[in-house]
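Student: Once you've had a glance at the structure underneath, I'll fire off some questions.
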Amino acid sequence: MKKVPFFNYPELYNSNKEEFLKIFDEVASRGAYILQNDIVEFEKSIANYCNVKHAIGVANATDALEMAFHISGIKEGDEVILPSHTMTASPSAVIANKGIPILVDCNEEGMINPDLIEEKITQKTKYIMPVQLNGRTCKMEKIISLAEKYHLTIIEDSAQGLGSTYRGKQAGTFGLAGVFSFYPAKILGTFGDGGMIITNDDTFAEKCFKFRDHGRSNLDCEMWGRNSRLHNLHAAFLNFQFKSFNKTIQRRREVAKLYHKYLVDESNIKLPLFDDDNHFDTFQNFEVLVNKRDQLKEFLAINNIGTIIQWGGKAIHQFERLGLNHFDLPQTDKYFENCLMLPMNLFISNDDVKYVSQKIIEFYKNA
């Protein structure tokens, strides 16, 4: 029986093992572990790719969000509008800065519904945090318009968005700052945690560079900070992989097209959108909406196919102990009854995609 894991973690290393060993030896031989040329080069690569002035490598994307809110000047009690279909890191970055997350329902794509944002705006609202989900960027016009109308700051959780564009503009570049994650299973992943902040604001960037290194500049502490530096070795690994990033995106889009080809006529499954005149999608994830979701997931597992329900199967307002379950979000509730992520990565073959698709069709034929 064929085996298709959701993500083949060992293959992330084994696929370029010789190159990674060379990089490790070269970096370690220099003793270049913390804030060396490798991270500078990687930051420049990302900044140039995203067409922004600054990229700041940090320990992980959660730190990146927490830092972005702190350095932007969030105050206790400030309200931040964001979707409930996101990782807990999004609202936790607000909570960590003593802000108040205000959750908004999603649209049919699973993204924040721009038409429902304005009704949540109060005198305490200071931020909007769009989440660029699954390698797709939100429809940003109305979000930007509302931010301008009510003098709100946009900070993007674009952890899943690297390479995704809306109207030719990169995810993470629509507001004051955006963040990326380099978790192993991300579209650009390292062997552990890693993150980045991008921005066009010179003053904000200068503070970020200092803040990630204990508030220091040339060892002189100029502000209170924290230790959140992207490891120089991780930066070297990432910079090597980034050289073939366009090929990575191309392959993910090929896999997405194959899923569409095989599953387009299956009425029990709603496939994610594939581009339009405004979007360019990178398919960080391939999240579908399916009937009999839990039974299908179990059937695929029996057939050695790995799937995931994002965020452990719950939106933010559905985690009762987090204290945000007072939000009424019917579309998000409905979405989480049906959402399922199929295997989507560089290591899945065309035959694997066909096998997964055939098993899905088989399930519904016999259901």
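The values are calculated or read from the model by the stated rules, or taken from the named source; none is laboratory data. Please read all numbers here as calculations on a predicted model, not as lab measurements. Cβ placement follows ideal geometry from the backbone for every residue including glycine, while neighbour counts extend to all protein chains displayed. Surface areas here come from the heavy atoms of the whole protein model, side chains and all, with no ligands, DNA or RNA. Shrake-Rupley method; radii C 1.70, N 1.55, O 1.52, S 1.80 Å.
Student: Which residue pairs have Cβ atoms closer than 8 Å, lie 6 or more positions apart in sequence or on different chains, and pair a first residue in region 275-297 that is under 14 Å from residue 169 (Cα atoms) with a second residue that is hydrophobic (A, V, I, L, M, F, W, C)?
Tutor: Pairs that qualify, where the first residue is under 14 Å from residue 169 (Cα atoms) and the partner is hydrophobic (A, V, I, L, M, F, W, C), are 279/273; 281/256; 281/273; 281/274; 282/162; 282/187; 282/249.
Student: Out of all the residues in region 154-161, is one or more closer than 17 Å to residue 114 by Cα and in contact (Cβ under 8 Å) with a residue 60 or more places away in the chain?
Tutor: yes
Student: Only residues that are polar (S, T, N, Q) and in a loop (DSSP other than H, G, I, E, B): list them for region 117-158, please.
Tutor: 122, 123, 132, 134, 137, 158
Student: Suppose we keep only residues that are touching a helix residue (DSSP H, G or I) at 6+ places or on another chain (Cβ under 7 Å) and open to solvent by less than 10 Å² (accessible area, probe 1.4 Å) within region 252-265. Which one would you say is nearest to residue 290 (Cα to Cα)?
Tutor: Per the stated criteria, the residue is 263.
Yes/no per residue for (1) surrounded by fewer than 18 Cβ atoms within 10 Å (Cβ to Cβ); (2) over 17 Å from the mean Cα position of the chain (by Cα):
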site: 272; (1), (2): no, no
site: 284; (1), (2): no, no
site: 312; (1), (2): yes, no
site: 322; (1), (2): yes, yes
site: 350; (1), (2): yes, yes
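Student: If you don't mind, there's one more thing I want to ask. Scan region 63-84 and tell me whether some residue there is of a type in the set (A, V, I, L, M, F, W, C), out of contact with any Leu (no Cβ under 8 Å at 6 or more places or on another chain), more than 13 Å from residue 324 (Cα to Cα) and surrounded by fewer than 20 Cβ atoms within 10 Å (Cβ to Cβ).
Tutor: The answer is no, given that none of the residues of region 63-84 is of a type in the set (A, V, I, L, M, F, W, C), out of contact with any Leu (no Cβ under 8 Å at 6 or more places or on another chain), more than 13 Å from residue 324 (Cα to Cα) and surrounded by fewer than 20 Cβ atoms within 10 Å (Cβ to Cβ).
Student: Still on this structure, I have one more. Identify, please: which residue in region 159-174 is outside any loop (DSSP other than H, G, I, E, B) and of a type outside the set (Val, Ile, Thr) and is, among those, least open to solvent (accessible area, probe 1.4 Å)?
Tutor: Once the filter is applied, the top-ranked residue is 166.
Student: Okay, next question. Taking the criterion of being farther than 30 Å from residue 108 by Cα, in a loop (DSSP other than H, G, I, E, B), free of Cβ contacts under 8 Å to residues at least 60 places away in the same chain and more than 15 Å from the chain's Cα centre (by Cα), would at least one residue in region 67-74 satisfy it?
Tutor: yes
Student: Looking for something in a loop (DSSP other than H, G, I, E, B), without any contact (Cβ under 8 Å) to a residue 12 or more places away in the chain and in contact with a helix residue (DSSP H, G or I) (Cβ under 6 Å, 6 or more places away or on another chain) - is there at least one such residue anywhere in region 327-345?
Tutor: Within region 327-345, not a single residue is in a loop (DSSP other than H, G, I, E, B), without any contact (Cβ under 8 Å) to a residue 12 or more places away in the chain and in contact with a helix residue (DSSP H, G or I) (Cβ under 6 Å, 6 or more places away or on another chain).
Yes/no matrix, rows are residues, columns are (1) of a type in the set (A, V, I, L, M, F, W, C); (2) touching a Pro at 6+ places or on another chain (Cβ under 6 Å); (3) part of a helix (DSSP H, G or I):
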position: 2; (1), (2), (3): no, no, no
position: 12; (1), (2), (3): yes, yes, yes
position: 18; (1), (2), (3): no, no, yes
position: 27; (1), (2), (3): yes, no, yes
position: 38; (1), (2), (3): no, no, yes
position: 42; (1), (2), (3): yes, no, yes
position: 45; (1), (2), (3): no, no, yes
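Student: Additional query: Checking residue 249 against (1) surrounded by fewer than 20 Cβ atoms within 10 Å (Cβ to Cβ); (2) assigned to a helix (DSSP H, G or I), only one condition comes out false. Which one?
Tutor: (1)
Student: Against the definition (closer than 16 Å to residue 179 by Cβ, open to solvent by less than 10 Å² (accessible area, probe 1.4 Å) and in contact with a helix residue (DSSP H, G or I) (Cβ under 8 Å, 6 or more places away or on another chain)), how does residue 87 come out, yes or no?
Tutor: no
Student: Then there is this: Could you grab the pairs with beta carbons closer than 7 Å, sequence gap of 6+ or different chains, first residue in region 2-14 and in contact (Cβ under 8 Å) with a residue 40 or more places away in the chain and within 13 Å of residue 353 (Cα to Cα), second one surrounded by 13 or more Cβ atoms within 10 Å (Cβ to Cβ) and acidic (Asp, Glu)?
Tutor: 4/352
Student: Restricting the first residue to region 113-140 and requiring it to be surrounded by fewer than 16 Cβ atoms within 10 Å (Cβ to Cβ), which pairs with a second residue that is in a loop (DSSP other than H, G, I, E, B) meet a Cβ separation below 7 Å and a spacing of at least six or different chains?
Tutor: Close Cβ pairs satisfying both conditions: 124/77; 124/78.
Student: Let me ask something else about it. Looking at region 98-110, which of the residues that are out of contact with any Ser or Thr (no Cβ under 9 Å at 6 or more places or on another chain) and more than 23 Å from residue 273 (Cβ to Cβ) is surrounded by the most Cβ atoms within 10 Å (Cβ to Cβ)?
Tutor: 99
Student: Right, here's the next one. From the list 218, 200, 246, pick out the single residue that is polar (S, T, N, Q) and at pLDDT below 95.
Tutor: None of the other options fit; the residue is 218.
Student: Give region 215-240 a look and list any residue that's among the polar types (S, T, N, Q) and open to solvent by 30 Å² or more (accessible area, probe 1.4 Å), or say none.
Tutor: Hits for region 215-240 are 217, 218, 227.
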